[in-house]
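The values are calculated or read from the model by the stated rules, or taken from the named source; none is laboratory data. Computed from a prediction, not measured in an experiment: that's the story for all the values here. Note that we place each Cβ from the backbone using ideal geometry, even for glycine, and neighbour counts take in every protein chain shown.
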Amino acid sequence: MSEKEIIIDVTSKCVMNCMYCGTTSFSDEISNIDFELFKKIVNSLRYLSKTRVFLGGGTFFCHPEWKKMLELIKSNENTFVIDCPLEKNIINIICKNRPVRFNYFPSISLWGIGDEHDKLCGGNSFGLLDHYIRSHSKWGIPLHLSFVMTKSLIQQVRSLIEFMCKLPLGANIYFHRFMPVGKALGEDLPTMESLQDFKNEVLYGISKTAVAKFHHTLDGICKAAGNSRIFINHDGLVYKCGWINKTSVPIYNLHEKSIIDFNKLFQKATPVNTQCVLK
Ligand code: SF4
């Protein structure tokens with residue numbers, strides 16, 4: 001049975017204002033998941049095995065009740081991955097609330113190497129990465145980084161490979177698809193062919209020290225939406241995937257029941273026509 005993925009949009013708030021990101025942070029539309037609903041979700045996860053739960057948005061650590069949320073996931077048996085921007089306060093929070101203690105993997109989001117990252121997220125934080133990697137090396141868990149495959153990242157492929165070859169043994173690098181939402185609307189997206197070439201070049205070029213994983217849309221047609229992946233938004237509405245056309249209807253409202261039967265929910269969410277916007 002393939003590992004299930006639950007993606008929870010915890011908050012739309014973020015400390016950064018990255019050029020291609022689709023969150024509504026820095027607007028009047030900030031929304032946070034209700035803590036009681038989050039608690040119900042995490043408690044109901046006990047009945048699901050082999051599940052990877054992604055906590056993002058926005059930035060998990062911008063939710064007003066993130067401390068209570070961390071306490072909740074601490075004793076849960078599932079795997080939690082928290083997407084985190086490379087930003088001073090967020091890195092300090094991670095260092096103070098160590099992943100091994102609270103049962104999560106921070107995945108640091110990068111937009112490129114060096115100045116290219118700084119340019120796309122409007123800051124100068126890339127220099128923090130070395131400090132973060134040094135702190136991380138003491139925790140005894142694999143380093144997780146992620147990149148979005150923008151056109152500029154594709155152009156930087158040689159520097160990227162050089163960078164990856166210097167990472168600590170066992171580092172995991174995940175390559176996301178570009179987000180065709182929000183501020184990214186109308187941007188010049190890389191073609192599927194250029195993404196495949198990029199993937200081949202990275203896999204050929206990296207040393208065996210790092211593990212590169214690519215967004216599953218590079219492997220063919222969608223079998224995941226609803227089948228092994230669901231998306232939960234701030235209002236507790238469940239969709240087969242966050243990348244399905246925005247006009248699609250939610251398959252469930254988590255506010256409706258006191259206990260959530262995720263096994264049933266996945267059965268109910270079997271894919272039909274996914275209308276993935278990433279195709
Ligand atoms: S809808 Fe798109 S992003 Fe979502 S699971 Fe399917 S292929 Fe993947």
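The sole residue among L129, L120, L153 that is within 30 Å of L278 (Cα to Cα), aliphatic (A, V, I, L, M), modelled with pLDDT under 95 and surrounded by fewer than 21 Cβ atoms within 10 Å (Cβ to Cβ) is L120.
Just for segment 260-278: of the residues that are at pLDDT 80 or above and more than 11 Å from the ligand (Cβ to nearest atom), which one is surrounded by the most Cβ atoms within 10 Å (Cβ to Cβ)? Here the answer is I260.
Being closer than 30 Å to N32 by Cα, surrounded by fewer than 21 Cβ atoms within 10 Å (Cβ to Cβ) and among the basic types (K, R) holds for only one residue in K199, K213, and it is K213.
Checking the conditions here, which among K138, K74 is at pLDDT below 95, basic (K, R) and touching a Phe, Trp or Tyr at 6+ places or on another chain (Cβ under 7 Å)?
Values: K138 fails: touching a Phe, Trp or Tyr at 6+ places or on another chain (Cβ under 7 Å).
Just a single option satisfies the conditions, and that option is K74.
Those helices (runs of 4 or more DSSP H) of segment 46-150 in which 1 or more residues are among the small types (G, A, S) occupy 128-136.
Would you say I7 is touching a residue at least 60 places away in the same chain (Cβ under 8 Å) and out of contact with any helix residue (DSSP H, G or I) (no Cβ under 8 Å at 6 or more places or on another chain)? Here the answer is yes, as I7 does meet what is asked.
Inside segment 214-239, residues that are among the charged types (D, E, K, R) and within 7 Å of the ligand (Cβ to nearest atom) make up a count of 1.
Of everything listed in (1) at pLDDT 85 or above; (2) within 25 Å of Y20 (Cα to Cα); (3) within 16 Å of the ligand (Cβ to nearest atom), the single unmet condition for S248 is (1).
For segment 136-149, which residues satisfy the criterion of being closer than 17 Å to S109 by Cβ and out of contact with any strand residue (DSSP E or B) (no Cβ under 7 Å at 6 or more places or on another chain)? Outline the logic, then answer.
We begin by selecting, within segment 136-149, every residue closer than 17 Å to S109 by Cβ; these are 136, 142-149.
If the condition is that a residue be closer than 17 Å to S109 by Cβ and out of contact with any strand residue (DSSP E or B) (no Cβ under 7 Å at 6 or more places or on another chain), then H136 is the only one that fits.
Within segment 193-213, none of the residues are in contact with a Phe, Trp or Tyr (Cβ under 8 Å, 6 or more places away or on another chain), closer than 30 Å to Q267 by Cα, within 13 Å of the ligand (Cβ to nearest atom) and at pLDDT 85 or above. Number of residues in segment 21-64 that are among the aromatic types (F, W, Y) and buried (at least 20 other Cβ atoms within 10 Å of the Cβ) equals 4.
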